[in-house]
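For reference, the structure discussed in these notes is given below.
The values are calculated or read from the model by the stated rules, or taken from the named source; none is laboratory data. This one's a predicted model, so the numbers in the text were calculated from it and none came from an experiment. Note that we place each Cβ from the backbone using ideal geometry, even for glycine, and neighbour counts take in every protein chain shown. Protein only, heavy atoms only, side chains kept; ligands, DNA and RNA dropped before computing areas. Shrake-Rupley method; radii C 1.70, N 1.55, O 1.52, S 1.80 Å.
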Amino acid sequence: MGNMVKQAKSELKQLPAMLGKLLGGLMAVVGFAATVWIITRGTDWVVADIRGYLGLGVAGIIVFVLSSRLLARRCAETPAEVTLPQESSRTSMLAWGILLLLVVLFLVCTYFLTR
């Protein structure tokens, strides 16, 4: 049980960098998708229309890269521990259990909202 607590603390330290990567990726997707949509929508667009969205996309890439480097640095700082196969399968079962629980909650919420 102590190993799982150490692993949870390690993952909590990595959480800000992971959320930074998520935010950067979303910024890039929204920014570049909006830019492409404006450009392909018609011929009457000007650079001022896409400047903000293009900046959002570029900023998203920068945030993503910086968060990725921070995450790699934090992963390198945490010592790699030797785990037994039973412990890794227990951790894997925990992750799959949480995923299945979230899927069930999503389906229940969807059922009640569309009913």
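Among the residues of the stretch 69-87, what is the count of those that are at pLDDT 70 or above and either open to solvent by less than 100 Å² (accessible area, probe 1.4 Å) or touching a Pro at 6+ places or on another chain (Cβ under 9 Å) (or both)? Spell out the reasoning first.
Here is the first cut: in the stretch 69-87, the ones at pLDDT 70 or above are 69-77.
Now narrow it down to the ones that are either open to solvent by less than 100 Å² (accessible area, probe 1.4 Å) or touching a Pro at 6+ places or on another chain (Cβ under 9 Å) (or both): 70-72, 74-76.
Residues in the stretch 69-87 being at pLDDT 70 or above and either open to solvent by less than 100 Å² (accessible area, probe 1.4 Å) or touching a Pro at 6+ places or on another chain (Cβ under 9 Å) (or both): 6 in total.
Residue-by-condition table, conditions (1) open to solvent by 60 Å² or more (accessible area, probe 1.4 Å); (2) aromatic (Phe, Trp, Tyr); (3) modelled with pLDDT under 90; (4) touching a helix residue (DSSP H, G or I) at 6+ places or on another chain (Cβ under 7 Å):
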position	(1), (2), (3), (4)
Lys9	yes, no, yes, no
Leu15	yes, no, yes, no
Gly24	no, no, no, yes
Met27	no, no, no, yes
Ile38	no, no, yes, yes
Ser67	no, no, no, yes
Ser89	no, no, yes, no
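Here the stretch 103-115 is the region considered, the condition is being of a type outside the set (Val, Ile, Thr) and open to solvent by 100 Å² or more (accessible area, probe 1.4 Å), and the residue that is modelled with the lowest pLDDT is Arg115.
Val63 - would you say it is open to solvent by less than 100 Å² (accessible area, probe 1.4 Å), in contact with a Leu (Cβ under 7 Å, 6 or more places away or on another chain) and modelled with pLDDT of 90 or more? Answer is yes for this residue.
Of all residues in the stretch 42-59, those satisfying the criterion of being at pLDDT 85 or above and assigned to a helix (DSSP H, G or I) are Val47, Ala48, Ile50, Arg51, Gly52, Tyr53, Leu54, Gly55, Leu56, Gly57, Val58, Ala59.
Rundown of residues vs (1) free of Cβ contacts under 8 Å to residues at least 40 places away in the same chain; (2) among the small types (Gly, Ala, Ser), yes/no style:
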| position | (1), (2) |
| --- | --- |
| Val5 | yes, no |
| Lys9 | yes, no |
| Leu15 | yes, no |
| Gly20 | no, yes |
| Leu23 | no, no |
| Val36 | yes, no |
| Arg41 | yes, no |
| Asp44 | yes, no |
| Gly57 | yes, yes |
